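These notes concern the structure reproduced below.
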Amino acid sequence: MLNNLLAHYSEQKNMVIENEFGAASVDGGLVNLKYDRVFELNNGCICCSLGEELYAVLRDIAQLSTPPDNVFIEASGMADPGALASVFIFETISEYFTVKAVIGVVDAVLFEDSLAEVAEAGRQLAIADLILLNKEAMVTKDYIHSLVQKIKHINPLSMVFPTNYGNFTEELLEKDFTRNSQLLTYKETLPHEHSNVKSIKLDFKDAIFDLGRLRSILTVSLFLHYHQIYRIKGFVHISESKRLQLVQSVGQQLSISPVTQEEEQAPFLVVIGKGLTRKGIEKLFAKGLDHETTSQSSDIKQSMTNPEQ
């Protein structure tokens with residue numbers, strides 16, 4: 001998949017950051033020569049023990065006289081991508097880098113076993129914007145359909161693309177995943193019975209939030225429960241502004257910012273995590289409401305209530 005990306009952007013200046021979990025490099029030698037430079041981070045997880053080294057590499061790239069057009073980061077299969085993606089929310093990093101997409105690759109043959117046995121698998125699904133469901137040809141069409149549904153149960157924010165050999169279409173790369181436009185067509189679904197990773201959607205039709213209060217309660221909650229709350233994304237209204245606000249979190253990092261090109265849509269949030277309950281999530285966000293400008297609590301309760309996922 002990485003080689004396919006490099007081939008697609010071969011006319012541009014590309015750099016690659018490779019992360020091996022062991023001390024010896026394997027993946028770095030498998031990357032085709034369609035890049036300007038490869039940075040290899042070995043003997044640790046890119047989002048844990050190598051955090052300082054990753055910062056140093058990003059700083060070096062940002063200070064180049066001729067910066068690259070693209071930087072591709074391939075984390076180890078044991079990485080928590082939420083911690084990795086959260087690096088790019090920091091102002092010192094976001095000033096120089098914009099995350100175009102988080103791409104996950106799912107093995108269609110081993111997916112269900114991996115999801116049941118490896119905790120990182122659920123986190124990686126929860127963070128991904130685009131999920132390539134690889135080895136499509138090795139299973140039946142009905143099974144691929146069922147896997148797509150299971151992945152969408154876990155992460156309704158994602159786009160799932162069945163494929164072989166890590167291939168993708170040019171149309172996929174042209175999509176703007178920063179806004180997740182597919183959220184507008186998100187539908188409530190039944191529980192995913194094979195995984196304790198789940199998604200919960202909250203509608204905020206009549207809800208107005210206090211920005212300071214919302215930021216405070218989410219910051220504390222993510223600090224305490226980031227191993228349980230993998231991702232938050234959606235839109236809300238706040239009392240301090242008439243503009244719709246984009247709320248998103250990865251790991252312990254939270255961002256609340258005005259929507260630059262506002263679309264006609266009702267405000268809502270999707271929360272993805274492990275062992276979540278609708279009652280607990282509703283109670284959490286209720287603490288951030290601006291009660292002076294919000295409708296009666298009964299109306300808010302009704303707007304936040306949907307069938308349990």
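The C-beta contact set for the stretch 272-285 (first residue assigned by TED's automatic domain parsing to the domain that holds Gly251, second residue aromatic (Phe, Trp, Tyr), distance under 9 angstrom, 6+ apart or interchain) comprises Ile272/Tyr230; Gly273/Tyr230; Lys274/Tyr230; Phe285/Phe204; Phe285/Phe209.
A search for C-beta distances below 7 Å between a residue of the stretch 197-223 that is buried (at least 20 other Cβ atoms within 10 Å of the Cβ) and any residue that is small (Gly, Ala, Ser) and in a helix (DSSP H, G or I), counting only pairs 6+ apart in sequence or on different chains, returns Val197/Gly122; Val197/Ala126; Phe204/Ser303; Ala207/Ser303. Can you find even one residue in the stretch 168-186 that is in contact with a helix residue (DSSP H, G or I) (Cβ under 7 Å, 6 or more places away or on another chain) and at pLDDT 90 or above? The answer is yes, given that some residue of the stretch 168-186 is in contact with a helix residue (DSSP H, G or I) (Cβ under 7 Å, 6 or more places away or on another chain) and at pLDDT 90 or above. With respect to the conditions (1) at pLDDT below 60; (2) closer than 23 Å to Ala126 by Cα; (3) of a type outside the set (D, E, K, R); (4) buried (at least 16 other Cβ atoms within 10 Å of the Cβ), Thr294 falls short on a single one, namely (2).
Considering Tyr55, Tyr35, Tyr9, the condition of being at pLDDT 80 or above, surrounded by 13 or more Cβ atoms within 10 Å (Cβ to Cβ), aromatic (Phe, Trp, Tyr) and in the same structural domain as Ser146 (by TED's automatic domain parsing) is satisfied by Tyr9 alone.
Going by the structure shown, is Leu115 over 26 Å from Asp176 (Cα atoms) and assigned by TED's automatic domain parsing to the domain that holds Phe72? When the stated conditions are applied, Leu115 passes them.
Do we have any residue at all in the stretch 155-170 that's touching a Ser or Thr at 6+ places or on another chain (Cβ under 7 Å), surrounded by 13 or more Cβ atoms within 10 Å (Cβ to Cβ) and part of a helix (DSSP H, G or I)? For the stretch 155-170, residues touching a Ser or Thr at 6+ places or on another chain (Cβ under 7 Å), surrounded by 13 or more Cβ atoms within 10 Å (Cβ to Cβ) and part of a helix (DSSP H, G or I): absent. Scanning the stretch 150-169 for residues that are over 18 Å from the mean Cα position of the chain (by Cα) and on the phi < 0 side of the Ramachandran plot turns up Pro162, Thr163, Asn164, Asn167, Phe168, Thr169.
Looking at Ala116, Ala126, Ala121, just one residue is buried (at least 16 other Cβ atoms within 10 Å of the Cβ), touching a residue at least 24 places away in the same chain (Cβ under 8 Å) and assigned to a helix (DSSP H, G or I), and that residue is Ala126.
The values are calculated or read from the model by the stated rules, or taken from the named source; none is laboratory data. These figures come from a predicted structure and were not determined experimentally. Cβ sites come from the backbone with ideal geometry, for glycine too, and all protein chains shown count toward neighbours.
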